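Structure first, commentary second.
The values are calculated or read from the model by the stated rules, or taken from the named source; none is laboratory data. If you're wondering where the values come from, they're calculated on a predicted model, not measured in any experiment. As a convention, Cβ positions derive from the backbone with ideal geometry for all residues, glycine included, and neighbour counts pool all protein chains shown. Just the protein is used for accessible areas: all its heavy atoms, side chains included, with ligands, DNA and RNA removed. Shrake-Rupley method; radii C 1.70, N 1.55, O 1.52, S 1.80 Å.
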Amino acid sequence: MDPSSVPDFDDLPKVDGQPQGCAWGVFDKDGKKDVFGTLNFLTPQIVAAAAAEVKDGVSISLNWPLNGIKFPLPGRKPPVHRPQPLRDMGMDCEGWDDELDFNTQFSSQWDSLCHFTTDGTTYNGLRPTKEGLSVQSTAENELPTIEHWHSRGALVGRGVLIDWKRYHEETTGTPYHPLDGYRIMPEEIEKVAKHQGVEFKHGDILIIRTGYTEMLEAPTPEDFAKLQALTLSGVHGSVDTARWVWNHRFAAVAGDAHGFEALPAHKPDGTPGAISDLVLHPWFLNQFGMPIGELWDLKALSEYSKKTGRYSFLLTSVPLNHPGLVASPPNAVALF
């Protein structure tokens with residue numbers, strides 16, 4: 001769908017029982033509920049224009065190791081890798097297979113639209129259940145899970161890096177740490193984009209670097225002490241931020257932090273809240289149908305962007321293809 005044909009946040013058609021700005025039904029077609037959300041902004045024209053970003057023949061992986069976190073993460077088990085000799089599997093030859101057991105949220109990931117629900121409901125009024133997510137084929141799956149992306153050629157578009165960490169360190173002269181809970185406001189994102197010489201376009205994938213995964217690669221005792229406070233730098237979670245993101249017609253957002261938005265979440269009165277008080281997760285995943293990328297490895301991307309002065313690039317991402325998948329490693333590559 002041509003992004004310019006879609007109403008701004010405050011002009012979206014009212015959806016019964018939902019706040020103004022809900023995009024349910026906007027992308028529905030032929031009486032069928034949409035499962036792609038804002039990926040619909042990635043039209044052939046927008047993808048073709050994004051391909052023009054490739055000039056240097058340089059590709060950069062944005063995927064952190066699956067075992068990038070080296071300490072226990074409550075509720076999410078680390079990956080377990082099991083190499084298997086072919087002979088042990090009954091094959092009369094030398095060689096190896098392997099098995100990999102991992103939580104899709106442990107490292108670099110895309111959150112599908114089923115990851116976060118409000119009163120059990122997600123994008124387009126659909127209600128994920130354990131039974132519904134356990135389908136054996138995508139053809140029978142009406143939930144907006146991530147394997148549906150394959151029917152539209154996965155994700156290809158123009159990525160834009162907002163290198164918040166580098167900008168803050170080079171222009172403010174003030175101390176910065178990704179665990180200090182700095183809340184990045186939309187106007188600050190605009191300021192960094194202008195500083196970098198980037199102009200946002202419809203269908204862009206917005207990527208924010210805070211330095212979080214880089215810190216986790218070699219955490220110090222001070223870092224572990226900060227982790228206990230559960231304060232995490234990220235984009236400020238508010239309805240105004242959601243409005244700003246929608247009105248830019250971004251196809252998706254991603255970053256190197258655990259939740260993209262700053263922690264702790266803020267309640268409407270500005271006081272700290274719990275995980276259930278997250279603002280951008282329900283707005284992006286549930287109301288807009290906008291996937292969120294987390295824990296991406298952005299260090300090499302930052303270095304190349306700084307070296308070349310180019311902060312936009314062709315982005316490709318091909319998640320795992322399994323029915324009912326709630327999240328997936330992004331398998332993301334930036335091409336310059």
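Remarks
- Qualifying residue in segment 46-53 (condition: without any contact (Cβ under 8 Å) to a residue 60 or more places away in the chain and of a type outside the set (Lys, Arg)): yes
- Residues of segment 279-307 that are of a type in the set (A, V, I, L, M, F, W, C), open to solvent by less than 20 Å² (accessible area, probe 1.4 Å) and more than 14 Å from ILE207 (Cα to Cα): LEU280, PHE284, LEU285, PHE288.
- Restricted to strands (runs of 3 or more DSSP E) entirely inside segment 57-142, those with at least 1 residues that are at pLDDT 95 or above and open to solvent by 70 Å² or more (accessible area, probe 1.4 Å) are 59-61, 80-85, 96-101.
- Within segment 1-11, the set of residues being of a type in the set (A, V, I, L, M) and either assigned to a helix (DSSP H, G or I) or without any contact (Cβ under 8 Å) to a residue 24 or more places away in the chain (or both) is empty.
- Filtered residues of segment 180-212 (kept if touching a Leu at 6+ places or on another chain (Cβ under 6 Å) and closer than 19 Å to LYS299 by Cα): ILE205, ILE207, ARG209
- Within segment 247-277, if we keep just the residues that are touching a residue at least 24 places away in the same chain (Cβ under 8 Å) and outside any loop (DSSP other than H, G, I, E, B), the residue that is surrounded by the fewest Cβ atoms within 10 Å (Cβ to Cβ) turns out to be ASN247.
- Within segment 200-229, residues that are among the basic types (Lys, Arg) have Cβ atoms under 8 Å from residues that are open to solvent by 60 Å² or more (accessible area, probe 1.4 Å) and not in a helix (DSSP H, G or I) in these pairs: LYS226/ASP180, counting only partners at least 6 apart in sequence or on another chain.
- Among the residues of segment 308-323, the ones that are open to solvent by less than 10 Å² (accessible area, probe 1.4 Å) and within 29 Å of ARG127 (Cβ to Cβ) come to 2 in all.
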